[in-house]
1. Is one or more of the residues making up the stretch 81-89 assigned to a helix (DSSP H, G or I), in contact with a helix residue (DSSP H, G or I) (Cβ under 7 Å, 6 or more places away or on another chain) and surrounded by 20 or more Cβ atoms within 10 Å (Cβ to Cβ)?
2. Which is at pLDDT 95 or above and more than 13 Å from the chain's Cα centre (by Cα), of 163, 116, 121?
3. Restricting to the stretch 109-143, give me the number of residues that are surrounded by fewer than 16 Cβ atoms within 10 Å (Cβ to Cβ) and out of contact with any strand residue (DSSP E or B) (no Cβ under 9 Å at 6 or more places or on another chain).
4. Would you check which residues across the stretch 163-177 are within 23 Å of residue 149 (Cβ to Cβ), in contact (Cβ under 8 Å) with a residue 12 or more places away in the chain and assigned to a loop (DSSP other than H, G, I, E, B) and list them?
5. If we keep just the residues of the stretch 46-59 that are under 14 Å from the mean Cα position of the chain (by Cα) and either more than 20 Å from residue 149 (Cβ to Cβ) or free of Cβ contacts under 8 Å to residues at least 60 places away in the same chain (or both), which is surrounded by the fewest Cβ atoms within 10 Å (Cβ to Cβ)?
6. Collect the residues in the stretch 60-80 that are in a helix (DSSP H, G or I) and crowded, with 21+ Cβ neighbours inside 10 Å, keeping them in residue-number order.
7. Which one is farthest from residue 72 (Cα to Cα) among residues in the stretch 113-129 that are out of contact with any helix residue (DSSP H, G or I) (no Cβ under 7 Å at 6 or more places or on another chain) and not in a loop (DSSP other than H, G, I, E, B)?
8. Identify the residue in the stretch 20-39 that is out of contact with any helix residue (DSSP H, G or I) (no Cβ under 9 Å at 6 or more places or on another chain) and in contact (Cβ under 8 Å) with a residue 24 or more places away in the chain and, among all such residues, is surrounded by the fewest Cβ atoms within 10 Å (Cβ to Cβ).
């Protein structure tokens with residue numbers, strides 16, 4: 001996993017309509033959340049409504065939120081741009097949902113699965129990388145975003161985020177053949 005304290009890797013990516021968004025859009029934010037999601041993963045579908053709520057709740061508190069789809073859209077067309085537009089509209093995502101066609105951003109963040117979450121403080125230093133909460137498809141734990149919300153709330157309160165962080169669990173990012181990152185070797 002990306003070490004805590006790592007500066008946020010820069011990115012500039014298009015949304016499903018081709019509009020470019022970058023990490024620089026977060027300039028002046030109290031915190032930034034970067035999440036790696038997709039359309040077809042059952043783990044993402046399980047938490048998608050909470051992702052929309054989280055975006056609404058924290059964007060209102062000057063937190064920048066970005067969702068990035070790094071899946072191989074040629075072999076997984078359900079994650080392509082048109083389906084991304086549909087998914088964002090269906091879920092009510094108010095944050096940019098971006099397409100990482102070259103998968104370079106996923107590699108820079110050492111993202112491994114969908115969903116995967118990162119929180120950066122106002123100085124763009126990594127303070128959290130891990131799970132949304134302990135809910136999974138098939139278990140009875142409520143989807144409430146407890147872990148991710150706790151990290152964001154700590155940053156907003158000027159408190160340290162605990163170092164004990166549970167990694168995300170989900171579907172592997174669908175890498176383009178031959179493009180697998182070295183951290184999977």
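1. So far as the stretch 81-89 goes, no, none of its residues is assigned to a helix (DSSP H, G or I), in contact with a helix residue (DSSP H, G or I) (Cβ under 7 Å, 6 or more places away or on another chain) and surrounded by 20 or more Cβ atoms within 10 Å (Cβ to Cβ).
2. None of the others qualify; the one that does is 121.
3. Residues meeting the conditions: 7.
4. Residues satisfying the conditions are 163, 165, 166, 167, 168, 169, 170.
5. 52
6. Correct list: 79 only.
7. This residue is 125.
8. 28
The values are calculated or read from the model by the stated rules, or taken from the named source; none is laboratory data. This structure is a prediction, so every number in the text was calculated from the model and none was measured. As a convention, Cβ positions derive from the backbone with ideal geometry for all residues, glycine included, and neighbour counts pool all protein chains shown.
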